[in-house]
1. Would you indicate which of (i) 55, 33, 31; (ii) 65, 32, 23; (iii) 35, 32, 30 is the value of Cα extents along the principal axes in Å derived from the coordinates of this structure?
2. Quick check: Cα centre of the stretch 66-86 to Cα centre of the stretch 28-55, how many Å?
3. Using the 10 angstrom Cβ neighbour count as an exposure proxy, how do 52, 114 rank, fewest first?
4. With +1 on the Cβ of every Lys and Arg and -1 on the Cβ of every Asp and Glu, and nothing else charged, how large is the dipole of the chain about its Cα centre, in debye rounded to the nearest 20?
5. How far is helix 108-126 tilted off the main Cα axis of the chain, in degrees rounded to 10, range 0 to 90?
6. In degrees between 0 and 90, to the nearest 10, how far off the longest principal axis of the chain does helix 76-105 point, with axes built from Cα atoms?
7. Compute a Gaussian network model of the chain, connecting alpha carbons closer than 10 Å, and tell me which residue from 56, 37, 19 fluctuates the most.
8. Exactly which trypsin sites (Lys or Arg not before Pro) in the stretch 1-110 are in a DSSP loop and have at most 15 other Cβ atoms within 10 Å?
Amino acid sequence: MKSTENNSVTDYDMQQLIGTVLRYGVLLSGAVAIIGGVLYLVQKGAGIPDYTTFNGEPAGYTSLTGIINGLKSGSATEIIQLGVVILIATPIIRIGFSLVSFILEKDRLYVVITLIVLLIILFSMFGGLAV
């Protein structure tokens, strides 16, 4: 990252960092989902699924702990879900970097606005979860 004479990070540097985080977050999530998709076809692609009965989603698809446990067992569907989680986390990380950028710029109004947005997103994600 480029810096000025007083070794501070410029607004342009933060924009470049945020853009890089978004770019690599999307690429990483896509790669993880593709790996999971290929593995899913290897594991379950030969048979014809039974659509005559409805089967609800197991916990591996709906909770972070279920995804982590599924990853330990090498389940392809949880690898795909991990790709989705990474994709969802990418813009949230971007908001975190924006918050840091506004703190460094000492822009109080945007710090407050960004913090409110981040708290709303985090509360809506984790507020209704039952562990």
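Taken together, the values in this text are just the output of simple stated rules run on the coordinates, not laboratory data. Note that this is a predicted model, so its numbers are computed, not measured. In this analysis, Cβ positions are derived from the backbone assuming ideal geometry, glycine residues included, and neighbour counts consider all displayed protein chains.
1. (ii)
2. The stretch 66-86 and the stretch 28-55 have Cα centres separated by 12 Å.
3. 52, 114
4. 100 debye
5. 10 degrees
6. 10 degrees
7. Most flexible of the set in this elastic network: 56.
8. 2, 106
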